[in-house]
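The values are calculated or read from the model by the stated rules, or taken from the named source; none is laboratory data. As the structure is a computational prediction, the values presented were derived from the model and not from experiment. Quick reminder, even Gly has a Cβ in these numbers, built from the backbone with ideal geometry, and neighbours come from all protein chains shown. SASA here: full protein model, heavy atoms, side chains in, ligands and nucleic acids out. Shrake-Rupley method; radii C 1.70, N 1.55, O 1.52, S 1.80 Å.
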Amino acid sequence: MPGFIHVYIGEEAVAAGVCAQLRTDDYVASTHRGHGHALAKGISARDTMAELMGVVAGCSGGRGGTMHLYDPTVGFLGSNGVVPPGILIATGAGLSAKLKGGDQVAVAFFGDGGSNNGAFHEGLNMAATWDVPVIFVCENNLYATEMPFGKATKNINVASRAAAYGIPGVQVDGNNVLEVYEKTGEAVSRARRGEGPTLIECLTYRWFGHHEGDPGIAYRTKEEIAHWKDRDPIRRLYDDTIAAKLVLEEDFKGIDAEIKTELDDATQFAFSNSLETDRTALDHVYFEPAVE
């Protein structure tokens, strides 16, 4: 795969819990760690894997790669290599929906590092001032590349910053998919009623380094990593729902088999397609007027 690959392992409950509350026509703006968001919002495994491999069948035609997944047909307005621009993109999309008189909502995913960027403050201020139907979801995985969040800011409670803009702010266990789902549902309902934005801070953790090739152990202890792996969001859902007798173990085995088949199919699909060629290098770069 070309480019830096930022895996989402360990943070799955956030994308799943948030996007399960959205409709197809709602909007999502994502980050460089956007594979989970893309899949949860509805981009197919085939289109996603093909884009990661840089082939023409990908959702961005093989031109975007891992950090620029894009599919407006499912409301996915793109993942971004720059840390916080999804905040402004989602705010703009939410404002557009409001001006058109619809009840669509927009979601901006961003990391703890993005909360210290000017786009965070500008986006929240604009959305609060105009009651834009947008949900700001901070995936606080404690590190911005290698920088511990506590060394980058005095106030490590991102949700508390909502008070400065007069909007609700809530901090949730980002490794508990049911809690993420519940709090997102409240925020989505509020936005659809025309009551404006909400800031949700999801406390979570990436198991591995910032990207493939980064061991992720020079700035984190093995004990810390082990602690968070013990809070695996997928395993917690498995254990909790079985303990509550909501599902059977066989149900999860069936899901696992289904997903493995889907991923194997997506991989083969990507390998069977061709890469972009030099002949198409300038396509979509310059405006090409329609020929009458």
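The table below gives the values:
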read-out	value
Residue satisfying condition, being under 15 Å from the mean Cα position of the chain (by Cα) and either open to solvent by less than 60 Å² (accessible area, probe 1.4 Å) or at pLDDT below 95 (or both), within set GLY114, GLY65, GLY118, GLY58	GLY114
Residue match in the stretch 222-235 (condition: under 18 Å from the mean Cα position of the chain (by Cα) and over 19 Å from THR31 (Cβ atoms))	yes
Members of the stretch 68-82 that are open to solvent by 10 Å² or more (accessible area, probe 1.4 Å), under 23 Å from LEU199 (Cβ atoms) and more than 12 Å from the chain's Cα centre (by Cα)	VAL82
Failed criterion for ASN175 (all others in (1) open to solvent by less than 60 Å² (accessible area, probe 1.4 Å); (2) touching a residue at least 40 places away in the same chain (Cβ under 8 Å); (3) not hydroxyl-bearing (Ser, Thr, Tyr); (4) not in a loop (DSSP other than H, G, I, E, B) hold)	(4)
Close pairs from the stretch 236-256: first farther than 19 Å from VAL14 by Cα, partner β-branched (Val, Ile, Thr), Cβ under 8 Å, at least 6 apart	VAL247/THR241; LEU248/ILE242; GLU249/ILE242; PHE252/ILE242
Failed condition for PRO215, given (1) over 30 Å from ALA106 (Cβ atoms); (2) in a helix (DSSP H, G or I)	(2)
Matching residues in the stretch 6-15 - criterion: being touching a helix residue (DSSP H, G or I) at 6+ places or on another chain (Cβ under 7 Å) and open to solvent by 50 Å² or more (accessible area, probe 1.4 Å)	GLU12
Any hit, the stretch 269-292, residues being within 25 Å of the chain's Cα centre (by Cα), assigned to a helix (DSSP H, G or I), at pLDDT 95 or above and more than 29 Å from VAL105 (Cβ to Cβ)	yes
